[in-house]
Amino acid sequence: MITAIIIIVVVLLVAAAMTASASVRVLREYERGVVFRLGRLMDQRGPGLLLLVPWLDRMVRISLRTVTLTVPPQEIITRDNVPVRVTAVAYYRVIDPSRAVTEVESFQAATLQIAQTSLRSVLGGVDLDTLLSGREHLNASLQQVIDTQTEPWGIKVTTVEIKDVEIPERMQHAIARQAEAERERRAKVINAEGEAQAATRLADAADIIGKNPATMQLRYLQTLREIGGNQNSTIVFPVPIDLIRPMLEAIGSPGAAAAGEPAAPSPTNGAEALPAGEQSAAQIEAARLRELGPGVTAVAPVGNGAQSSAATPSGSADRSAS
């Protein structure tokens, strides 16, 4: 009899413990409980200690923390027919636990599928350049599209980021060549602009130097200083032509140089060169014959004796003078 009573008490204690464990719940600060009583939706509860009616109430835990959702790589063909692989990441959280439980069977899987389809549809409508450079605009568009579709489920998509874009290797080489050509174009433009500015500055400097001749002398001395500062075995010594022009005029022939006439041509056809004294007379005679006009010939002196040259006009008789 006593044994039967002990067994009954133990069974009652076990049943009470099971009932207590089924009716008592503890929810954390970031959790909410969606309670169903005989299949009917009750008000959400939590956080803290929660008492349920045993065998009548059923509770579903919902976390309100932000969830990181990684979107698998998607094969996308851009608007300019370039195949790419895009990987993205989305951040969402539950703002209405009751709708997240009652409106969709699994809000995690549904949000993932919506993110994949939206990623393919949005990025498929842009070209490759926009996909590579306009990340911020595309991220905002994806966030708006996904959030609009998940809002009836009580899901708030806060951020969508395009994490990686993989393009074919041949397209990478083409983009690299394009970037290199663009850099070369910019370098040539900058070089041309520099040459134009340098030419303008040189023209201004030439105008300033032309107004004051002493400036040229100072520049000449500065050039000598720069040349002398280098440890070179060869020294280039520039001399202005204005300094040696009087010397060249002084050592020139007095007759032709003073008159401004060119020197007489050297004798040809076997004639020997005249001595220094006779060259001056021949040059004077040649100048006189050029003044007489065309058709006049001169006879060069032959032999050792000094002979005077005779002029024979065209169409007249020859005359000779001793």
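The values are calculated or read from the model by the stated rules, or taken from the named source; none is laboratory data. If you're wondering where the values come from, they're calculated on a predicted model, not measured in any experiment. Cβ sites come from the backbone with ideal geometry, for glycine too, and all protein chains shown count toward neighbours.
At a glance:
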item: Which listed residue is assigned by TED's automatic domain parsing to the domain that holds residue 155, among the β-branched types (Val, Ile, Thr) and touching a strand residue (DSSP E or B) at 6+ places or on another chain (Cβ under 8 Å), from 111, 117, 130; result: 111
item: Elements of type helices (runs of 4 or more DSSP H) in the range 174-274, at least 3 residues being at pLDDT below 70 and either among the acidic types (Asp, Glu) or surrounded by 10 or more Cβ atoms within 10 Å (Cβ to Cβ) (or both); result: 254-259
item: Selection status of residue 144, within 29 Å of residue 95 (Cβ to Cβ), of a type in the set (S, T, N, Q) and modelled with pLDDT under 95; result: yes
item: Single unsatisfied condition, residue 57 versus (1) exposed (fewer than 15 other Cβ atoms within 10 Å of the Cβ); (2) in contact with a strand residue (DSSP E or B) (Cβ under 6 Å, 6 or more places away or on another chain); (3) charged (D, E, K, R); result: (1)
item: The lone exception for residue 162 - which of (1) part of a helix (DSSP H, G or I); (2) surrounded by 10 or more Cβ atoms within 10 Å (Cβ to Cβ) it fails; result: (1)
item: Hits in the range 140-159 (condition: part of a helix (DSSP H, G or I) and surrounded by 16 or more Cβ atoms within 10 Å (Cβ to Cβ)); result: 141, 142, 143, 145, 146, 147, 149, 150, 153
item: Residue ID - nearest to residue 86 (Cα to Cα), chosen from residues in the range 98-148 that are in contact (Cβ under 8 Å) with a residue 40 or more places away in the chain and hydroxyl-bearing (Ser, Thr, Tyr); result: 111
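The rows are residues; the columns are (1) in the same structural domain as residue 122 (by TED's automatic domain parsing); (2) within 27 Å of residue 161 (Cα to Cα); (3) in contact (Cβ under 8 Å) with a residue 24 or more places away in the chain; (4) of a type outside the set (Phe, Trp, Tyr).
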residue	(1), (2), (3), (4)
6	no, no, no, yes
27	no, no, yes, yes
42	no, no, no, yes
48	no, no, no, yes
56	no, no, no, yes
59	no, no, yes, yes
79	yes, yes, yes, yes
83	yes, yes, yes, yes
90	yes, yes, yes, yes
